[in-house]
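Bear in mind these aren't lab numbers, they're just calculated from the coordinates by the rules spelled out. Since we're looking at a predicted model, the values are computed, not measured. Neighbour counts are summed over all protein chains in view; Cβ atoms, including those assigned to glycine, are modelled from backbone coordinates with ideal geometry.
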Amino acid sequence: MKEKLSYIWPTIVAAALAVGIFVGGKLHFSDTPEKLFTTNSKKDKLNRLIDYIDYEYVDDINTDSIVDMTVNQILEKLDPHSVYIPKQDMKRVSENMKGDFVGIGINFYTYKDTIAVIRTVPNGPSEVKGIKGGDRILMADSDTLYGKNLQSDDIVKKLKGEKGSTVTLKIYRKEEDRIFDVKVKRGIVPIKSVESYYMLTDDIGYIKVNRFAESTYKEFKEALAKLRKKGANKLALDLRDNPGGYLGVAEQMADEFLQKGKLILFTKNKKGKIDKIYATDKGGFEDRPVYVLINERSASASEIIAGALQDNDIGTIVGRRSFGKGLVQREMELGDGSAVRLTVSRYYTPTGRSIQKTYKNGTKDYYKKFTERYHNGELVSVDSIKVADSLKFTTPKGKVVYGGGGIIPDVFVPIGTNEEEAVQSMDSYGWLSYFIFEHLDGDRQKYADYSEQEFIDNFKVDDILFQEFVDYLLSRNLKMDFYTYEKSIKVYLKAALAEQLFGPNVYAKIKSSEDAMLQQVIKLDSPSYAARTTPGAEQ
């Protein structure tokens, strides 16, 4: 299903996570009150206090909420990335990191108080049963799925279920003006971490990875194999806005590009134990040009890959300085269905640099330092990045790299102007998708005869559709210089149409013409650019 996306106008950054852990246990109330603060175990104090409140306090108190609050306050004192996961959130978090769930296989909006199908998951349960984009789901078995009080969580609960179980959906199809029932057998629905892939040029493949989940490496290998069949002998690996995930998955992906024996990273725990991870002989894309795209929201596992390649003098890192997370977490169950992801070690790139930002002044200051990047000019000019000489390292081929707060790219690409960012934000906020859905809802048959390639090559957004979109935004009190950015907006409108008609790969391919980083990759790969930058070549 389609998640609601946060609106960035022009730039809004991540919020801090305050997290923690609580170890509970029952007490013997035959002990005297004085023992509360005289036991030799610090955790006993907390355990006893919670039980005293539970059993003795004058009013009824939800001690679960007290525990959660205490948990978060405890780990606030440790680092910004140790995360407490309450019991009620574990299933959702686990599904997201596992990479699939059991459901009916649709992407949908809650549109005018009704579930409207945007598109079905290819080969999923709903597509097999003939459900199409634009269909409204009115009921699931005896449960009504429309109305003003409809909550997304409630919808999901009614559509998910046990694998192999069936649900009878009552469908309204607007274009045929009819209501009918469809019995759908629930099945495994992937949560894609390889968001899109396509041929950027005749020989450069493009793969966008949005997180590192259990299924990511398999998805990546499948996408890469398909691109190689189409002629890809170079790769643009897009890790922008990728917050990370499983360390082991990042190691597997980095191994694809590094020769056997090359150091990928090493970790060090509180006891000083060092574990080194080396590349194996399994790499399928060694000695081939690779461009890794990163930005200020690329973190953790994304930085592991960028750092491993940069420190081994492999490929080219393109974009802006990454987030700067060099801590490793391990998930630990707490016995009641909740869990904690506790920082257990630091990781270091092959040259020995830590890219972790300092957090000695607390979580609030930690994220404040990040937001300052938007104001100190760093996103506009690489010269505004301030790094201490003491954090300077050198790769085997003599390239200077820096630790202490993220991966600085080999080739810097500045952020766009406020207006350019605003155009991109129309997409992330959902204005484009909602507008395009309404447009398609008016007459889907208009696009029925287009194939993917015909749409890419021949369809043009006309002035009428552009003006309708401008009017749509103005009616919602959104104002900017639309006509100066008409070309870009038309590209985004075409991409949004492609996403709902054909899926994310066509959407991403169309949008690439307005993507400054991808255009930089094409430029870097051109023979003329290589000639200008070769030592001894004419300047």
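Worth a mention:
- The convex hull drawn around the Cα atoms of the stretch 194-412, when projected onto a plane and averaged over every direction, covers 13.4 nm².
- Here the chain has an Rg and Dmax of 26.0, 89 Å, counting Cα atoms alone.
- Rounded to the nearest 20, the size of the Cβ-charge dipole of the stretch 304-349 about its Cα centre is 240 debye, with Lys and Arg at +1 and Asp and Glu at -1.
- Taking Cα centre as origin and charging only the Cβ of basic (Lys, Arg, +1) and acidic (Asp, Glu, -1) residues, the dipole magnitude of the chain rounds to 1480 debye.
- When only alpha carbons are used to place a centre, the stretch 188-262 and the stretch 124-160 end up 32 Å from one another.
- Summarising the label geometry, the points placed 7 Å from Cα in the beta-carbon direction at V93 and K42 lie 2.2 nm from one another.
- When you restrict to C-alpha pairs under 8 Å that are six or more residues apart and normalise by the size of the stretch 100-190, the relative contact order lands at 34 percent.
- Contour excess over end-to-end distance, with Cα ends at L474 and M199 and 0.36 nm allotted per residue: 95.4 nm
- Screening the chain for DSSP H helices whose Cα atoms reach 18 Å or more along their own axis and whose mean Kyte hydropathy is at least 0.0 gives 63-76, 486-502.
- Relative contact order %, the chain, counting alpha carbon pairs below 8 Å whose residues are six or more apart: 13 percent
- A simple spin-label model places the labels of Q259 and E420 3.8 nm from each other, with each point 7 Å out along Cα-to-Cβ.
- Distance in nm between pseudo-label sites at K271 and V400 (7 Å out along the Cβ direction from Cα): 4.0 nm
- For G404, the residues whose modelled amide H falls within less than 5 Å of its own, excluding neighbours fewer than 5 places apart on the same chain, are S354, I355, Q356.
- Inter-part distance where the stretch 81-96 and the stretch 289-358 are each reduced to a Cα centre, Å: 20 Å
- Peptides 251-264, 206-219, 350-363, 382-395 ordered by packing proxy, namely the average of other Cβ atoms within 10 Å per residue, highest first: 206-219, 251-264, 350-363, 382-395.
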